[in-house]
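Data block below; observations after.
The values are calculated or read from the model by the stated rules, or taken from the named source; none is laboratory data. The structure displayed is predicted, hence computed values, not measured ones. All Cβ positions, glycine included, derive from the backbone under ideal geometry; neighbour counts span all protein chains shown.
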Amino acid sequence: MTFNIYFLEPIVDRVASIDLNIPIYFLHGEKSWIIIDPSIDAQSKRQNVYLDTLKDAGHHVITQVISIEDQEFAFVFLGLC
């Protein structure tokens, strides 16, 4: 059995191989422990890579938003759809 172990090959190293017709979105929480640098690097490697940061959100961005009426979240999320 073969397993794809993606954590050994970070997404920033694989982003250039994704079909250019598929846009890529990185959504970060302002208070997340995840660093934003790899997402910024991905933007420099190809077009149609988008990056947004949600104010006062942590790592679990979507679960930490109380409701879709949160204007900033709605703007970013609905803009992605």
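Could you tell me how many of the residues in the range 33-52 are in contact with a Phe, Trp or Tyr (Cβ under 6 Å, 6 or more places away or on another chain) and hydrophobic (A, V, I, L, M, F, W, C)?
Final tally of qualifying residues: 1.
Given the options 59, 28, name the one that is out of contact with any Cys (no Cβ under 7 Å at 6 or more places or on another chain), surrounded by 14 or more Cβ atoms within 10 Å (Cβ to Cβ) and at pLDDT 65 or above.
28
Kindly list, by first and then second residue, each pair from a residue in the range 27-39 that is under 14 Å from residue 12 (Cβ atoms) to a residue that is assigned to a helix (DSSP H, G or I) and of a type in the set (S, T, N, Q), limited to pairs with Cβ atoms under 7 Å and residues at least 6 apart or on different chains.
Short answer, once both residue conditions are applied: 28/39.
Please verify whether the range 48-56 includes one or more residues that are modelled with pLDDT of 70 or more, not in a strand (DSSP E or B) and not basic (Lys, Arg).
There is at least one residue in the range 48-56 that is modelled with pLDDT of 70 or more, not in a strand (DSSP E or B) and not basic (Lys, Arg).
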